[in-house]
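A short worksheet on the structure shown next.
Derivation of every value follows stated rules applied to the coordinates shown; laboratory data play no part. Everything numeric in this text was worked out from a predicted model, so none of it was measured. Methodologically, a virtual Cβ is constructed for each residue, glycine included, from the backbone with ideal geometry; neighbour enumeration extends over all protein chains shown.
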Amino acid sequence: MRHFKEYAEKLRFSDLRPTKQRLMISQILFDQKKTFHFTIESLNKIIKKNFNENISLATLYNTVHAFKKKGYIKKISVNEKKYYFDTNTSPHHHFYDEEAEKLIDINDSEVSLNNLPKSPPGKHINGVEVMIRLASDNQN
């Protein structure tokens, strides 16, 4: 695991004050070996487990949105009420397991896109990310 000192420098460089809470959140999010998908609620549980600390949901929400604004994470909406955050900010595709409520990365080479529509006047296509929803085969 990285040391808080490295995260403190990164936060200061981004004009974010390196509070104890932001440092804990940084360590959880950015010490992962692979992409990390999370909700505010799941992040809260991980922090309680790893640091035995209680951080208010408002602080978590504000910190995660500050990180998003700085480009360190991105928000992925799976429906009008549910969204996740992703530490992989590059354009990429996902499976969404509706039963497990879990995002799974898809390798770009596994998706082929053809015949994209023409963008509206004054706009251009900035990127395309596919979300494939999964359900169990044995649903009635």
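The figures follow:
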read-out	value
Neighbour-count ranking [beta-carbon atoms within 10 angstrom, fewest first] of F13, F38	F13, F38
Eligible lysines near K5 by straight Cα distance, threshold 27 Å, same-chain separation 8 or greater	K20, K33, K34, K45, K48, K49, K68, K69, K70, K74, K75
Packing-based exposure ordering (other Cβ within 10 Å, fewest first) of K10, K102	K102, K10
Net +/- balance of residues flanking I47 in space, Cβ distance below 15 Å, scoring K and R +1, D and E -1	+2
For the range 69-120: relative contact order, % (alpha-carbon pairs under 8 angstrom, 6 or more apart)	22 percent
Placed amide H near I106: partners under 5 Å, 5+ positions off or other chain	H93, H94, F95
In order through the range 39-47: 3J(HN,Hα) via Karplus (6.51 cos²θ - 1.76 cosθ + 1.60), integer Hz, x for Gly, Pro	10, 4, 5, 5, 5, 4, 5, 5, 5
Table column - 3J(HN,Hα) (Hz), the range 83-90, Karplus curve with 6.51, -1.76, 1.60, x for Gly and Pro	9, 10, 10, 9, 7, 8, 8, 6
Residue order, fewest to most beta carbons within 10 Å, for D31, D97, D15, D86	D15, D31, D97, D86
Degrees separating the helix 57-69 axis from the principal Cα axis of the chain, which is the longest one	60 degrees
Electrostatic dipole magnitude of the chain [Cβ: Lys, Arg +1; Asp, Glu -1; Cα centre; debye, to 20]	820 debye
